[in-house]
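Data block below; observations after.
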Amino acid sequence: MTHTNAAGQRGTAGSNKVEIAALGAALSKRFDASTYLEAAALVSYLRATSASVRGLGFKTSGTGLAAAVEAGQRLNLSASWGWQPHATLRLAQTSLGTTRDDAGQVRLGDARSAQIGLGATLQTTGDSATQFSATARLLHELAGRPGTVLADTKGGNGQTFHSSTRGTTLQLKAGVEHRVGQGTRLFASLNHTQGLKAGNKGSSDTGATVGAKINW
């Protein structure tokens with residue numbers, strides 16, 4: 001976490017750490033050979049720690065709830081490649097409550113998110129044991145404007161600070177899956193998110209995921 005002083009100099013102000021334990025479920029419905037509807041929900045427990053270079057800090061915990069619905073259609077481009085346009089709706093809320101440090105109280109406002117998105121996936125088809133895919137999606141945030149209230153040690157003289165994540169985001173993903181047995185696949189993916197407009201303009205995030213899928 002950095003800050004900029006009146007002279008325009010940037011320095012380290014402290015650090016934030018968030019730990020998450022989550023449990024989720026997903027459902028998928030296919031209406032015909034190409035059209036699908038998918039829904040997912042995720043409940044999470046969060047623990048947040050914030051520390052200042054001046055020695056102040058606090059810890060707090062809370063809960064999160066997220067849900068998403070996606071509809072799309074799979075179209076064949078050739079015998080080995082398919083194209084899949086899709087539309088997405090995502091809703092989420094996180095609550096972290098009130099905590100304090102040696103200087104005063106900090107009340108972290110509920111963070112709410114409502115996103116709509118359009119995208120497409122290019123992927124291999126057929127019965128090959130190894131499948132490749134690439135996805136591009138534009139997401140627009142409608143609700144993201146969390147507020148944090150800083151008050152004195154008795155909770156008085158509260159000042160609210162708002163941030164905004166409203167705006168448009170580009171998500172890119174490339175992945176590979178390999179079948180290792182009946183109903184079992186290993187997968188790996190590389191993801192990049194780039195803020196394009198409004199509150200999240202200029203922000204970016206890159207990550208990788210590896211795991212296994214088991215169907216029964």
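Derivation of every value follows stated rules applied to the coordinates shown; laboratory data play no part. All values reported here derive from a predicted model rather than from experimental measurement. Positions of Cβ are generated from backbone atoms using ideal geometry, with glycine treated the same way; all protein chains shown enter the neighbour counts.
Could you work out how far apart the two model spin labels at Ser15 and Leu142 are, taking each label as a point 7 Å from the Cα in the direction of the beta carbon, and quote it in nm?
3.9
Greater than 28 Å separation of Cα atoms is the criterion. Which listed pairs, Lys29/Lys197; Lys17/Lys201; Lys59/Lys197; Lys29/Lys201, meet it?
Lys29/Lys197; Lys59/Lys197; Lys29/Lys201
Report the local net charge at Arg74: Lys and Arg +1, Asp and Glu -1, summed over other residues whose C-beta lies under 11 Å from its C-beta.
Residues close to Arg74 contribute a combined charge of 0.
For Leu27 and Leu65, calculate 0.36 nm times their separation in residues minus their Cα-Cα distance, and state this gained length in nm to one decimal.
That works out to 12.0 nm of additional length.
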